1. Using a Cα-Cα cut-off of under 20 Å, which lysines could be cross-linked to residue 474, ignoring same-chain neighbours fewer than 8 residues away?
2. Taking a cut-off of 16 Å between Cα atoms, list the lysines near residue 324, but don't count ones fewer than 8 places away on the same chain.
3. When the chain is fully extended, how far beyond the present Cα-Cα distance does residue 510 get from residue 365, taking 0.36 nm per residue of separation?
4. May I ask you to order 150-158, 97-105, 321-329, 340-348 by the average number of other C-beta atoms within 10 Å around their residues, highest value first?
5. Kindly provide the pair-distance distribution of the stretch 251-339 built from C-alpha pairs, with 5 Å bins from 0 and whole-percent values in order of increasing distance.
6. Rounded, prolate or oblate, given the Cα gyration tensor of the stretch 165-301, with a/c below 1.5 counting as rounded?
7. How long is the stretch 183-247 along each principal axis, judged by its Cα atoms, biggest number first, in Å?
8. Starting from the Cα of residue 312, draw a straight line to each of the aspartates and glutamates and keep only those under 15 Å, dropping any in the same chain fewer than 8 residues away.
Amino acid sequence: MELANTRNHSSKRKYDDAISPPQPPPALTSNGTVADNNVDLSLLEAIEKSQNAVEALDLRTLKKLVLAFERRLKENIEARLKYSNQPDRFADSELDLHEELQKLKILAGAPELYPDLVALNVVPSIVDLLNHDNTDIAIDVVQLLQDLTDEDVLDDNDEPAKVLVDALIENSVLELLVQNLHRLNDSDPDDSAAVYATLATIENLIEVKPAVAELVCEKTKLMKWLLGKIKVREFDGNKQYASEILAILLQSSTANQKRLGQMNGVDVVLQAVAMYKSRDPKSSDEEEMLENLFDCLCCLLMPLENKERFVKAEGVELMIIIMKQKKLAYGSAIRALDFAMTKYPPACERFVDVLGLKTAFAAFMGKASATLPSPLLIIPVNKKNKKERYQEELEERIVSLISSLFGKQASGILRGSRRERLLSKFVENECEKIDRLMELYMRYSDRVKAESERLNEVELDDLEMDEDEKYNRKLEAGLYTLQLIAVILGHIWCSEHPQMRGRIELLLKQNKLSKNHLKDILQEYHDNIGDLDGPEEKERAQTKIQKFISALE
């Protein structure tokens, strides 16, 4: 089980893009000049000058900029000390400081100079201004940091970027960014833009140095702030971005997953998701936020203790309600249930106890809406592909969920009335669910066979490919889902129910296959079970699969 369809963050929107439509370019006359339709020509001239300045930026210019900034900073500090109770007496120095901070943004045009910027020892002074009594100055710094660390700026400048990011972190930029975040008022337009810029800066820092994802959670109260933001009922761009940053923090960090669980994070994310149990998001941005929230939930459900919290918070019941409502979050709810029930029998038992089998098998049989859009998908080229890919992903998720109920490897509903209820589903209506299972088995089998043949042809073309790579390619082509279907068939076969066994044999024969084909799939699965959960768990899982193989003799 993995977090599918993690988003590509290579095209982050700027804050203005998120809140206002793009403006059309100025009209041109026939000779290519700007038409006189209220365009501010002085502004265009200033832009052109700034672009020329970027091109001319060198070490000498950098030193001049830094020197001017430090002079204005010193003047501001002195004015504030001298006239601490007379704001109008230090207002001019503050305006001068603001202007110098704006000028430093030009450095984003020459990231190769970042090591020189660090060497000039100006980073501590810049970062410390996040503590400035004037929030506007702190906002200037946030915007400057966002510009300097923007991924478009840092592209192909890995080493200079790391030098700058290391210097920022050494000077407590994470702590100060988050402290400043807590004093911003999201209802004020300028503060709201600064919130967005702060989150963008943190994301940029993580992209340059992934360890920042855990560091920022260890050293600051960012997670607490993010939870507070996604709790808010009203949707806005910063709530969406907060959900995205939270997902990034959780994606590859078990420590962060556990930390958020201890902060009542499972319950908070469930509450945020519950807002969409009977209604759909109103915009594509809100859809993306819902996807982010489910990404957060699935990440949270990786550690065992969070699965327990999920069950106690009635997360299983909520996901079933979402499935029954057949709204946009339908497929996401199935995914979350699969994460919750994998290697955690109490969640499987709760699912059966609250009558989840009926809902799950309705989806398995394709009786849920075939036209549901999916927030899990990377949008394909056309509507036909989108619908087909959604259906395919839904099938894979529901197969994974059912295999979790049985126990993909060693943990599931092992015995008792609950297991009988699960098995009885495959007898209903003349074993129609076994028919459906075998239909999927054949489809994925054909797909894996085609991929295997393609890989063999590749090898004939003298392109070397080791066994691990070939196996991974087949997994991507559908082998993993085929293996899960084989595991489910193995559980059914080992129930020794004559009607179900007879149905499996009949369908194999009709498709010109024998039980040996099923055994081969199970054997490959057996041989590739990893020891991520320890050698004992691996042995237990392999023993179970070997039992299926022996029963098919």
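The values are calculated or read from the model by the stated rules, or taken from the named source; none is laboratory data. Model, not experiment: these values are computed from the prediction. With ideal geometry, Cβ positions are generated from the backbone for all residues, glycine too; neighbour counts draw on all protein chains shown. For accessibility, only protein heavy atoms count, side chains too; no ligands or nucleic acids. Shrake-Rupley method; radii C 1.70, N 1.55, O 1.52, S 1.80 Å.
1. 408, 449, 519
2. The reachable lysines, counting only those whose Cα sits under 16 Å from residue 324, are 277, 358, 367.
3. Difference between extended and current length: 50.1 nm.
4. Packing proxy ranking, top to bottom: 340-348, 321-329, 97-105, 150-158.
5. Spelled out per bin, shortest first, that is 3, 16, 28, 26, 16, 9, 3.
6. oblate
7. 31, 21, 19
8. Within reach: 267, 349, 353.
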